[in-house]
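S.K.: Here it is, the structure in full.
Laboratory data are not the source of any read-out in this text; all were calculated from the coordinates shown. Since the structure is predicted, the reported quantities are computational estimates derived from the model, not experimental observations. Virtual Cβ from ideal backbone geometry, glycine too; neighbours counted across all protein chains shown.
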Amino acid sequence: MPQCLELLRTALGAAECAIWLHAPAGIRRTWGAGVEQVTGTEVEALLAANDPSSGVLVVARIVSADRRAGALAVRVSRTLEPDERVLVTAVGNLLAPEIAHAEKSRLLEVEVESRTTEIERERRFTEKIIDALPVGLYVIDREYRIQAWNRKRETGMQGVSREEAIGRTIFEILHRQPPEMLRREFDDVFTTGRIQEYQMESLATGELRTYRITKIPMRLGDSAVTHVITTGEDVTEWKEAQQRFAQAEKLAAIGQLAAGVMHEINNPLATIAACAESLGFKLDDVKKAGSAIPADAAEYLHIIDNEVGRCKQIVDGLLDFSRPKQAMKERVDLNEVVEKTLLLLKHHVRFKRLTVNSELDPTMARVPQANSEQLVQVFMALLLNAMDAIGDRGIITLRTRRGKSIDEGAVAEVTDQGHGIARSELSKIFEPFYTTKAPGRGTGLGLSICYGIIQDHSGRIEVDSVLGQGSTFRVILPTVEHQ
Ligand SMILES: Nc1ncnc2c1ncn2[C@@H]1O[C@H](COP(=O)(O)OP(=O)(O)OP(=O)(O)O)[C@@H](O)[C@H]1O
Ligand SMILES: [Mg+2]
């Protein structure tokens, strides 16, 4: 095309020849030969004036199928002869089919370009949505090939990049899971067309976490399932909260029951104690009057007295669990409480043989509503348990630190390297009378009392334990006033 323009330019001695395409947004320069610039406005003006003879710029319409397809503009320094004008018009007409074709393909190009941009935009939008989800998500087709793989699945210790995953089979990517099991899970969804949901525990991040896996059928057409969407949501915190809630409910129920029973037992106990005491006085009187009394009568009374004392202790302990005494509360420094406990325990014979490390955070905020005596009682019980767990030698660490929010602002941990607690037993240790210690060594009330006291302080007590490795008991208290 530029070649024919060049010929026309030479034949007419024109400064410039240019072809203008009639585009929807106005006239648009497409090809030009020469150095001077014919402007769109000039061409528009001449086309509007419908006067090809005017001035030094000659404009011939290019018409294709009765439709103006464009214009041929020629800039000359003289008036053109009539046959030269005919030549310009003839060249214009010759160019018509080609211009029309060029226009069509250009429109097509624009259309394809805008469609492609639109599709790409939609694809990115969908990708952004699945990437923004706080769950791991992937989609496989009937050949078990991965068709989508979101950002969450790319991150983490076992993350796999999208480039690596897309197009491969799920068995190649999730190679840690038995392929038969994976296949069965997907086939279940393909054949039944129903959502499958289950929980799974994994150590992939280095710690035990629980995931809720959901497999959702997807149909591209109307009938058969063509793809399966799998989402994996980390529900560890949710599950722990559920368990805490269930445990709190259970302990509250036990507490209520215990409080009722203890109330009923307290009165007869007091009666027994009073009767034993009067009986003692009576025996003294009899003795003073010179009468003989059986030798073991005094011993029996002594036993009754001791046993009543023991029962009282248990009753008090249980009451501390179900309804701790309304003690005076004030601003308390948790570090001071820990230090006081250590001081009290320093003289314990077994304690002297152990290594107790304390790592106290000096920047700890105070707990505004606490009773330091009761908190000392809690740490004492935790340290005694730790001591029992490690046996004769070992390390116990007492640590305080700031919590993650003011509601859980002060944290104190007692960590031991003792025998640990089996997972199946963890939910029972706060129940009153749960003990694994030999008869006479433990009543199983220590942790229930701790639970009751910490509960009464609007805090919470947590435990992490690995059998054979040790345990950490964590007391979490608010650093903001409650109620
Ligand atoms: N640090 C620990 N390591 C291992 N097991 C523990 C630890 N702390 C508590 N336990 C387990 O929890 C049980 C209950 O503890 P809890 O303090 O309530 O009662 P106890 O120590 O058995 O008796 P008590 O405290 O009334 O003398 C213990 O018997 C023990 O099995
Ligand atoms: Mg104990």
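S.K.: Net charge near residue 473: determine it from the other residues with C-beta under 12 Å of the C-beta of residue 473, scoring Lys and Arg +1 and Asp and Glu -1.
M.R.: Working: positive: 399, 460, 474; negative: 413, 416, 462, 464.
After counting each charged neighbour, the total is -1.
S.K.: Net charge within 14 Å of residue 293 by Cβ-Cβ distance, Lys/Arg positive one each and Asp/Glu negative one each, not counting residue 293 itself?
M.R.: Numbers: positive: 282, 287, 288; negative: 284, 285, 296, 299.
Counting the neighbours of residue 293, the net charge comes to -1.
S.K.: Would you mind listing how long the chain runs along its three principal axes, going by Cα atoms, in whole Å with the largest first?
M.R.: Here the Cα extents, ordered largest to smallest, are 165, 53, 42 Å.
S.K.: Compactness ratio of region 134-234: Cα Rg over 2.2 N^0.38 Å, N = residue count? Spell out each step's value before the answer.
M.R.: Details: Rg = 13.1 Å, N = 101, 2.2 N^0.38 = 12.7 Å.
Compared with the compact-globule rule of thumb, region 134-234 sits at 1.03.
S.K.: Given the convex hull of the Cα atoms of region 239-322, what is a quarter of its surface area in nm²?
M.R.: 6.5
S.K.: Can you tell me the length gained on complete extension of the stretch residue 65 to residue 29, counting 0.36 nm per residue apart and subtracting the Cα distance? Show your work: numbers first, answer last.
M.R.: Values: separation 36, 0.36 × 36 = 12.96 nm, distance 2.10 nm.
Extra length from residue 65 to residue 29 when fully extended: 10.9 nm.
S.K.: In addition: Sequence gap at least 6, Cα distance under 8 Å: using those rules, report the relative contact order of the chain to the nearest whole percent. Please list the in-between numbers first.
M.R.: Numbers: 739 pairs, mean separation 37.5, N = 483.
Contact order relative to length: 8 percent.
S.K.: Something else about it: To the nearest 20 Debye, how big is the dipole of the chain about its Cα centre, given +1 on the beta carbon of each Lys and Arg and -1 on that of each Asp and Glu?
M.R.: Details: 60 positive and 68 negative charges, 117 e Å.
For this selection, approximately 560 debye.
S.K.: Taking a threshold of 29 Å on the Cα-Cα distance, which of the pairs 346/437; 325/352; 329/404; 250/325; 239/428 fall above it?
M.R.: Beyond 29 Å: 325/352.
S.K.: If you don't mind, there's one more thing I want to ask. Report the calculated FRET efficiency for residue 363 and residue 299 (r = Cβ-Cβ distance, R0 = 60 Å), to the nearest 0.05.
M.R.: On the way: r = 58 Å, r/R0 = 0.97.
Step by step, r from the Cβ atoms, then E = 0.55.
S.K.: Given an 8 Å cut-off on Cα distances and at least 6 residues of separation, report the relative contact order of region 407-483 as a percent.
M.R.: Working: 129 pairs, mean separation 36.7, N = 77.
The normalised contact order for region 407-483 reaches 48 percent.
S.K.: Going by how many other beta carbons lie within 10 Å of each one, how would you line up 328, 218, fewest first?
M.R.: On the way: 328 7, 218 14.
If I rank by nearby Cβ atoms, fewest first, I get 328, 218.
S.K.: Something else about it: Figure the gain on full extension for residue 204 and residue 340 (residue separation times 0.36 nm, minus the Cα-Cα span) and round it to one decimal in nm.
M.R.: On the way: separation 136, 0.36 × 136 = 48.96 nm, distance 4.14 nm.
Full-extension gain reported as 44.8 nm.
S.K.: Using the Cβ atoms and a cut-off under 13 Å, what net charge is assigned to the surroundings of residue 105, where Lys and Arg are +1 and Asp and Glu are -1? Could you put the intermediate results ahead of the total?
M.R.: Values: positive: 104, 106; negative: 98, 103, 109, 111, 113.
Spelling it out: positives minus negatives among the neighbours equals -3.
S.K.: To the nearest 0.05, what FRET efficiency results for residue 265 and residue 181 with a Förster distance of 51 Å applied to their C-beta separation?
M.R.: On the way: r = 55 Å, r/R0 = 1.07.
For residue 265 and residue 181, the calculated efficiency is 0.40.
S.K.: Helix 446-456 against the longest principal axis of the chain: what's the angle in degrees, Cα atoms only, rounded to the nearest 10?
M.R.: 60
S.K.: Go ahead and run the numbers for FRET between residue 310 and residue 157, Cβ-Cβ distance against an R0 of 45 Å, rounding to 0.05.
M.R.: Values: r = 53 Å, r/R0 = 1.19.
Computed FRET efficiency for residue 310 and residue 157 comes out at 0.25.
S.K.: Residue farthest toward the positive end of the dipole of the chain, with Cβ of Lys/Arg at +1 and Asp/Glu at -1: which of 261, 139, 177?
M.R.: Among 261, 139, 177, the one farthest towards the positive end of the dipole of the chain is 261.
S.K.: So for the pair residue 219, residue 433, with labels modelled 7 Å out along Cα→Cβ, what separation do we get in nm?
M.R.: The modelled label-to-label distance comes out at 5.8 nm.
S.K.: In nm, what is the difference between 0.36 nm times the number of residues separating residue 124 and residue 239 and their Cα-Cα distance?
M.R.: 38.0 nm
S.K.: Report, in deg cm²/dmol and to the nearest 500, the calculated mean residue ellipticity at 222 nm for the chain, where each DSSP H run with n ≥ 4 adds -39500 (n - 2.57) and the sum is divided by the residue count.
M.R.: Details: 13 runs with 223 residues, N = 483.
Helix contribution divided over all residues of the chain: -15500 deg cm²/dmol.
S.K.: Using alpha carbon centroids, what distance separates region 309-370 and region 392-432, in Å?
M.R.: Taking the Cα centre of each part, region 309-370 and region 392-432 sit 14 Å apart.
S.K.: Can you tell me the 0 to 90 degree angle between the C-alpha axis of helix 372-390 and the longest principal axis of the chain, rounded to 10?
M.R.: 90
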